[in-house]
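Note sheet for the following structure.
The values are calculated or read from the model by the stated rules, or taken from the named source; none is laboratory data. As the structure is a computational prediction, the values presented were derived from the model and not from experiment. Positions of Cβ are backbone-derived with ideal geometry, glycine not excepted, and every protein chain shown enters the neighbour counts.
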Amino acid sequence: MNLGQVVSLSDTGRKRRHNEDSYVCEPPLFAIADGMGGAQAGEVASELAANALQEHAGEPGAGEKRVVELIQEANRRVFDRANEDSALSGMGTTLTLALAEEGKVSVGHVGDSRAYLLRDGKLDQITEDHSLVAELTRAGKLSEEEAETHPQRSVITRALGTDRDVDVDAFTVETHDGDVFMLCSDGLTSMVEDKAILEILEKRRGNLKRAGQDLVKAANRSGGEDNITVLLFEIGEAAQRTAGAAAPDADEEDDEDTLSGLEAVPVIEARPDEWAAVDGDVPEATIDHPPERARRSRRLYWIAAAVILLAVVGLGLFGLSQSHFVGAQRDGHVAVYQGLPYDIAGVHLYRTVYVSRVLAGQLTQTERKRLFDHDLRGFGSARDAIRRYEEEIPP
């Protein structure tokens, strides 16, 4: 198969000390692994998976069957290491893999890293996230808007290394000349919307290296909460002609990303009828001077209203603080939380009160839908819901 531009980039981001992403960029094989686990176990898991792919990449085979074989081998590598070393117990990794062949690309997928296809000015996500939030959204429990800011959006429900065998999504995409495929970790997609990704790819269509750099920069400017890895490759002779004909953007300044964070704070503008009060420039003639008694009555009214409002809010917050819901930790362990399943301006409206040994990945999709329904309940009810699975699933 003829391939045009091929680009691979990985960045630690702004909040992580280590890069737990690993990738393989050895045409025609492309893959991204995003590790998870305590300490540096996630880094070990993703590296083991990537090494397994590289070692077996040259073996015979093609199509979806070959993609599944490669992912199963990577899974066994991670699983065996986790069982041999207690310090690495519970580690795992996502894996999204693309094998470019003549006239098609075979894709294998586990977890919440993603594969996209850019074709004719349209960007389509061609993999389906194996995450708690994605399942809740597909089940109608969450809207797309709620999913974007959900506090447990990073909890995955399927990963390599948690069991000896892993369920792999495998499919084939028939290719057209000029197609661009992108594999990326969720460090990009959790920070940058698909619409913005499309705009960057279209703007830099003739220079995919610059497109990748701009995508990483956009993720960091939005907060850089996680490691960011991007692989881009284009298909066919038409893609090569497009790349050769386009300007390499060499004349554009590659601005250093020096945002302070203040740029993200929205400006709140006063309405026209508030300007005078804000500026303090109200002409004397326009100021009404009610009698002193009326002013005192008005003040007392607003004070009383404020006291009542605070009392109602306080009682409401107290009631909600006694509510509980079932969710999952970032490492996949099922847990009971007290409060509400929301974040406001980065502040959690909940706290963890119980963590189970059961992993979300050990439950079936039906069981997860039933357990993670986000219904508010008492602690006893939430704890009983989890205890059932603790009794059924052996340690």
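Can you tell me which residues in the stretch 101-135 are crowded, with 23+ Cβ neighbours inside 10 Å, aliphatic (A, V, I, L, M) and in contact (Cβ under 8 Å) with a residue 60 or more places away in the chain?
Keep residues of the stretch 101-135 that are crowded, with 23+ Cβ neighbours inside 10 Å, which gives 105, 107-113, 115, 129, 131-133.
Imposing the further condition that a residue be aliphatic (A, V, I, L, M) reduces the set to 105, 107, 110, 115, 132-133.
Residues satisfying the conditions are V105, V107, A115, L132.
State yes or no: is D226 free of Cβ contacts under 8 Å to residues at least 24 places away in the same chain, touching a helix residue (DSSP H, G or I) at 6+ places or on another chain (Cβ under 7 Å) and not hydroxyl-bearing (S, T, Y)? Reasoning before the result, please.
Working: free of Cβ contacts under 8 Å to residues at least 24 places away in the same chain: no; touching a helix residue (DSSP H, G or I) at 6+ places or on another chain (Cβ under 7 Å): yes; not hydroxyl-bearing (S, T, Y): yes.
Here the answer is no, as D226 does not meet what is asked.
Every residue in the stretch 61-78 that is within 16 Å of N51 (Cβ to Cβ) and either hydrophobic (A, V, I, L, M, F, W, C) or in contact with a Ser or Thr (Cβ under 7 Å, 6 or more places away or on another chain) (or both), please.
L70, I71, A74, V78
Looking only at strands (runs of 3 or more DSSP E) that fall completely inside the stretch 68-135, which ones have 1 or more residues that are in contact with a Pro (Cβ under 9 Å, 6 or more places away or on another chain) and closer than 19 Å to L231 by Cα? Break it down stepwise before answering.
Numbers: elements: 95-101, 104-110, 114-119, 122-125.
Because the criterion is at least 1 residues that are in contact with a Pro (Cβ under 9 Å, 6 or more places away or on another chain) and closer than 19 Å to L231 by Cα, the strands (runs of 3 or more DSSP E) in the stretch 68-135 that meet it are 95-101, 104-110.
Under the condition of being assigned to a loop (DSSP other than H, G, I, E, B) and in contact with a Phe, Trp or Tyr (Cβ under 9 Å, 6 or more places away or on another chain), which residue from the stretch 347-395 is nearest to D167 (Cα to Cα)? Steps first, answer last, please.
At the first step, the residues of the stretch 347-395 found to be assigned to a loop (DSSP other than H, G, I, E, B) are 363-364, 372-376, 378, 393-395.
Cutting the leftovers down to in contact with a Phe, Trp or Tyr (Cβ under 9 Å, 6 or more places away or on another chain) gives us 363, 372-376.
Numbers: L363: 13, F372: 21, D373: 23, H374: 26, D375: 29, L376: 32 Å.
Residue satisfying both the conditions and the ranking: L363.
Restricting to the stretch 343-380, and then to whatever is more than 16 Å from L132 (Cβ to Cβ) and in contact with an Asp or Glu (Cβ under 9 Å, 6 or more places away or on another chain), can you tell me which residue is modelled with the highest pLDDT?
R357
Residues checked against (1) in contact with a helix residue (DSSP H, G or I) (Cβ under 6 Å, 6 or more places away or on another chain); (2) buried (at least 22 other Cβ atoms within 10 Å of the Cβ):
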{"position": "S10", "(1), (2)": "no, no"}
{"position": "P27", "(1), (2)": "no, no"}
{"position": "M36", "(1), (2)": "yes, yes"}
{"position": "S46", "(1), (2)": "no, yes"}
{"position": "N51", "(1), (2)": "no, no"}
{"position": "Q54", "(1), (2)": "no, no"}
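Determine if the stretch 39-51 includes at least one residue that is in a loop (DSSP other than H, G, I, E, B) and under 22 Å from the mean Cα position of the chain (by Cα). So that I can check it myself, show each step before the final result.
As a first pass, look at the stretch 39-51 and keep what is in a loop (DSSP other than H, G, I, E, B): 39-40.
Within this subset, residues satisfying the condition of being under 22 Å from the mean Cα position of the chain (by Cα) are 39-40.
For the stretch 39-51, residues in a loop (DSSP other than H, G, I, E, B) and under 22 Å from the mean Cα position of the chain (by Cα): present.
Could you please tell me which pairs satisfy a Cβ distance under 7 Å, a separation of 6+ or placement on different chains, a first residue in the stretch 24-36 that is within 14 Å of H109 (Cβ to Cβ), and a second residue that is in a loop (DSSP other than H, G, I, E, B) and not charged (D, E, K, R)?
Going by the 7 Å Cβ cut-off, the qualifying pairs are I32/S113; I32/S185; A33/T94; D34/T94; D34/G111; D34/S113; D34/S185.
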